[in-house]
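The values are calculated or read from the model by the stated rules, or taken from the named source; none is laboratory data. Owing to the predicted nature of the structure, the values given are computational and were not obtained by experimental measurement. For neighbour counting, all protein chains shown are included, and Cβ atoms are generated from backbone atoms with ideal geometry for every residue, glycine included.
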Amino acid sequence: MGADVRPLHVEPEVAEEGSEPRSKLGFREQALLDSRLDRDNRTDEAERKQTRDRDIGARNQRHRA
């Protein structure tokens, strides 16, 4: 049986001059990043809606008074 002796740390590849930068993320890492960004976007949207609803409610209260 041979031992697997791959290095634990792998240096990132340096992009050639003039080439477009590319992400070297694997599928799982990209999926995790995407899910975090989606969750952040949903959170931001919910916070904006709550703020809007709160502002509309405050205007309605002033209008009734």
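Report whether or not V14 is hydrophobic (A, V, I, L, M, F, W, C) and modelled with pLDDT under 65. Before the answer, list the steps.
Working: hydrophobic (A, V, I, L, M, F, W, C): yes; modelled with pLDDT under 65: yes.
It is true that V14 is hydrophobic (A, V, I, L, M, F, W, C) and modelled with pLDDT under 65.
Would you mind stating whether D4 is at pLDDT 75 or above and either loosely packed, with under 10 Cβ neighbours inside 10 Å or out of contact with any Ser or Thr (no Cβ under 6 Å at 6 or more places or on another chain) (or both)?
Details: at pLDDT 75 or above: no; either loosely packed, with under 10 Cβ neighbours inside 10 Å or out of contact with any Ser or Thr (no Cβ under 6 Å at 6 or more places or on another chain) (or both): yes.
Considered against the rule, which asks whether it is at pLDDT 75 or above and either loosely packed, with under 10 Cβ neighbours inside 10 Å or out of contact with any Ser or Thr (no Cβ under 6 Å at 6 or more places or on another chain) (or both), D4 comes out as no.
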